[in-house]
Amino acid sequence: MIGGDAPQAGPRAGDEDAILLVSLTFAGHRYATAEWGSVFRHPQHVISVQGTKGHVLIDMHDVGVTVHVGDRVERYPLHGALGTDAERTRTNMAPLSGGGVTYGDSTQRPPAWLRAAMRNELDYFTKLVTSGIVDPALATLTDGFAARASIATADALTRSLQEKRTVSVGEITSSAGLI
């Protein structure tokens with residue numbers, strides 16, 4: 001990963017890196033890239049996954065998922081509803097946010113896309129606790145595997161940025177016994 005602090009100004013500027021560029025490799029010669037940037041002329045926050053038959057672009061700035069397979073191009077809502085995606089896109093395009101971190105306080109209501117995600121997570125958690133039934137599609141979220149993998153990936157990316165070298169997730173997980 002490469003990235004860092006680009007000039008940020010203003011009373012609401014945070015301490016997050018303003019640009020992050022990530023290249024990921026997976027078994028079987030598979031690759032993905034992720035780009036985050038909030039202070040440039042063209043802010044973006046995308047994940048591009050390249051496959052053998054096409055590619056997927058997950059855009060969290062102009063919110064949506066675009067699937068390219070051969071000559072076919074299909075667009076899907078990222079948050080399950082076009083209206084929710086449109087609200088997030090409007091927020092991202094607003095001069096105050098620009099798609100970067102928006103700082104708030106307890107008097108501000110979270111946006112609909114975030115409320116929906118939180119509601120879905122709480123609904124699943126409530127059903128899990130009351131019934132004990134694990135949805136197979138969400139098993140890695142339930143047993144902690146996804147959380148450990150996410151932390152290991154974030155640690156590898158952070159170390160890559162700090163040490164200016166490629167760091168494998170396996171390097172993190174083997175030293176910490178995470179996965």
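Just so you know, all these numbers are worked out from the coordinates, no wet-lab data involved. Because the structure is predicted, anything quoted here is derived from the model rather than measured. A quick note on method: Cβ atoms are made from the backbone with ideal geometry, for glycine too, and the neighbour counts reach across all protein chains shown.
Data table
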read-out	value
Virtual spin-label span in nm between H68 and A147, 7 Å along Cα→Cβ	3.8 nm
Per-residue ³J(HN,Hα) for the stretch 61-78, Karplus 6.51 cos²θ - 1.76 cosθ + 1.60, θ = phi - 60°, Hz, x for Gly and Pro	9, 9, 4, x, 10, 10, 10, 10, 10, x, 8, 8, 10, 10, 10, 10, x, 6
Efficiency of FRET between S174 and Q50 - r from beta-carbon atoms, R0 25 angstrom, step 0.05	0.40
